[in-house]
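Heads up: the structure comes next, in C-alpha cells.
Throughout, read-outs are computed from the coordinates displayed, never taken from laboratory work. Everything numeric here is computed off the predicted structure, so don't read it as measured data. Cβ sites come from the backbone with ideal geometry, for glycine too, and all protein chains shown count toward neighbours.
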Amino acid sequence: MCKILISIKPQFADLILNGQKKFEFRKNLPQREVERLVIYASAPISRIIGEVEVTDTLSYAPSTLWRKTYKNAGISKSFFDSYFQGKEVANAYVLGKFRRFKKSKSLLEYDVKTAPQSYIYL
C-alpha cells in the first residue's frame, strides 16, 4: 500500500474535499496498490490542499464505469466521455475519508520539484 501525489483541477479537488465527488477517474493506475491520494490543486492554486483515502479501485469499460459511478462522479457525462475517448478500459479510485489541510502546502514540502503529470509515489 502506498500514497501518491496527483494533480487535480481545483474545481474537482474542492468537490472531493467537500465530500461531493466520490470517485477520481484515471486513464492509468500505478502498479502498486494505493491507499491515499495527496491532492495537488493545479493552476491557478498550484498547492497541495488535502488528502483522501482510497477504499477501492474500479476498472471497467467506460460505459460500465459510468453506470456504476455517475451519481457521485462529480463530473458531467460529456466530460467523462471526452476524457476516456478511445479507451477500452476506464479506471476510478473509490474515495473515502477526506481531509482538507488548514494550510495548503508547497510541492517542496514533499520533496517534489514539479507537479505530477499523472502521479508521483510519496
Collect the residues in the range 31-43 that are exposed (fewer than 15 other Cβ atoms within 10 Å of the Cβ) and within 13 Å of residue 58 (Cα to Cα), keeping them in residue-number order. 33
Residue check for residue 51: within 17 Å of residue 120 (Cα to Cα), surrounded by fewer than 15 Cβ atoms within 10 Å (Cβ to Cβ) and among the charged types (D, E, K, R): no
Strands (runs of 3 or more DSSP E) wholly in the range 25-122 with at least 1 residues that are of a type in the set (S, T, N, Q) and on the phi < 0 side of the Ramachandran plot - which ones? 47-60, 90-105
Flag if residue 15 is among the aliphatic types (A, V, I, L, M), closer than 17 Å to residue 117 by Cβ and touching a residue at least 24 places away in the same chain (Cβ under 8 Å): no
Kindly indicate whether residue 108 is over 19 Å from residue 11 (Cβ atoms), aliphatic (A, V, I, L, M) and free of Cβ contacts under 8 Å to residues at least 24 places away in the same chain. yes
Sole miss for residue 121 among (1) closer than 20 Å to residue 2 by Cβ; (2) surrounded by fewer than 16 Cβ atoms within 10 Å (Cβ to Cβ); (3) in contact (Cβ under 8 Å) with a residue 12 or more places away in the chain; (4) over 14 Å from the mean Cα position of the chain (by Cα) is condition (4)
Those residues of the range 68-88 which are in contact (Cβ under 8 Å) with a residue 12 or more places away in the chain, of a type in the set (A, V, I, L, M, F, W, C) and closer than 23 Å to residue 5 by Cβ amount to 73, 75, 84
